[in-house]
Amino acid sequence: MAPMTGLTIDLRGKSFSGTPVLGPLSFTLAPGERACLLGPSGIGKSTLLSLIAGFDRAYDGTIALPPGRIAMVFQAPRLLPWRTLAQNIALIPGAGDLSRARALLAEAGLADAADQYPEKVSLGMQRRAALCRALAVSPALILLDEPLVSLDPASTEQMRALLRRTLDLTGATALLTTHDRREALALTDRILEIDGRPATLRHDRPSPLSRDDRLDPQRVETAYREMF
Ligand SMILES: Nc1ncnc2c1ncn2[C@@H]1O[C@H](COP(=O)(O)OP(=O)(O)OP(=O)(O)O)[C@@H](O)[C@H]1O
């Protein structure tokens with residue numbers, strides 16, 4: 001029997017209209033591992049997440065997913081505008097009822113916003129609600145596309161803390177994308193750096209910081225200077 005993994009990517013290539021964008025590119029995440037796909041804007045990070053999530057099956061290679069649900073959190077929160085935050089969560093099959101949705105939102109500091117419509121709350125609050133929606137199905141694998149991009153400093157800190165706390169609690173395998181090296185160091189166990197056209201894996205490095213050390217911006221800054 002094959003050993004159980006959180007995620008195995010063995011991508012030979014991905015093209016758009018004959019133009020190669022990704023691959024060859026291979027890596028494996030252990031169950032519960034948190035890794036970051038780091039690379040410049042436009043390099044193909046979102047494309048790889050779409051392949052893993054199964055939104056795009058037009059690629060050459062294999063992607064082996066863990067048993068269980070897969071959840072994806074997009075850059076744009078993608079909440080239904082005519083539903084409240086709690087309703088947006090409760091309508092996902094397997095997410096539970098409105099009271100569970102409210103409880104999840106409360107854990108994310110959104111108790112007072114649970115019955116608000118998305119347009120009435122900030123982008124940071126919408127992102128946190130979208131994260132709650134992903135976590136509501138207890139995913140085995142969670143994919144996060146630039147979870148902190150375009151947030152103001154206070155929202156960034158709230159989202160970062162929520163991500164850490166929820167990933168600690170759920171134990172889900174997580175792969176997130178970012179173009180920000182400090183963010184990669186502050187959030188994940190392992191940094192997978194992709195670059196080039198088509199993009200390939202340039203570096204696969206463990207984070208030099210423990211999960212506790214990552215809470216300290218000074219340690220993140222020191223690690224950043226040593227690593228990049
Ligand atoms: N559906 C598509 N059709 C054609 N080209 C696409 C499509 N989706 C993405 N691309 C191209 O593939 C490349 C990779 O895009 P992708 O969005 O994956 O990059 P990214 O690293 O996630 O960038 P960003 O950080 O800006 O989101 C870009 O050149 C983009 O224009």
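Every read-out reported here was derived from the displayed coordinates using simple, explicitly stated rules and does not represent laboratory data. Since we're looking at a predicted model, the values are computed, not measured. Quick reminder, even Gly has a Cβ in these numbers, built from the backbone with ideal geometry, and neighbours come from all protein chains shown.
A few points about this structure:
- The alpha-carbon atoms of the chain, seen along their principal axes, cover 46, 42, 38 angstrom, with the largest extent given first.
- Taking the helices alone, the chain has a mean residue ellipticity at 222 nm of -9500 deg cm²/dmol, built from -39,500 (n - 2.57) per DSSP H run of at least 4 residues and averaged over all its residues.
- Cα gyration tensor category, rounded, prolate or oblate, for the stretch 48-164 with a/c compared to 1.5: prolate
- The stretch 136-228 - convex hull of the alpha-carbon atoms, volume per residue in Å³: 117
- Share, in percent, of DSSP beta bridges within the stretch 137-224 that are antiparallel, nearest 5: 55
- Cα shape, the stretch 1-51, gyration tensor, a/c 1.5 rule: oblate
- The H on the amide N of D195, modeled in the peptide plane, is under 5 Å from the matching H of T200, R202, each at least 5 residues off or on a different chain.
- Rg ratio for the stretch 80-137: its Cα radius of gyration over 2.2 N^0.38 Å, N being its residue count, equals 0.93.
- In Hz, Karplus ³J(HN,Hα) per residue of the stretch 89-96 (6.51, -1.76, 1.60; θ = phi - 60°; x = Gly, Pro): 7, 5, 7, 6, x, x, 7, x
- Positive-end residue of L91, P147, L104, charge dipole of the stretch 66-152 with Cβ unit charges: L91
- Placing +1 on the Cβ of every Lys and Arg and -1 on the Cβ of every Asp and Glu, with nothing else charged, gives the chain a dipole about its Cα centre of roughly 300 debye.
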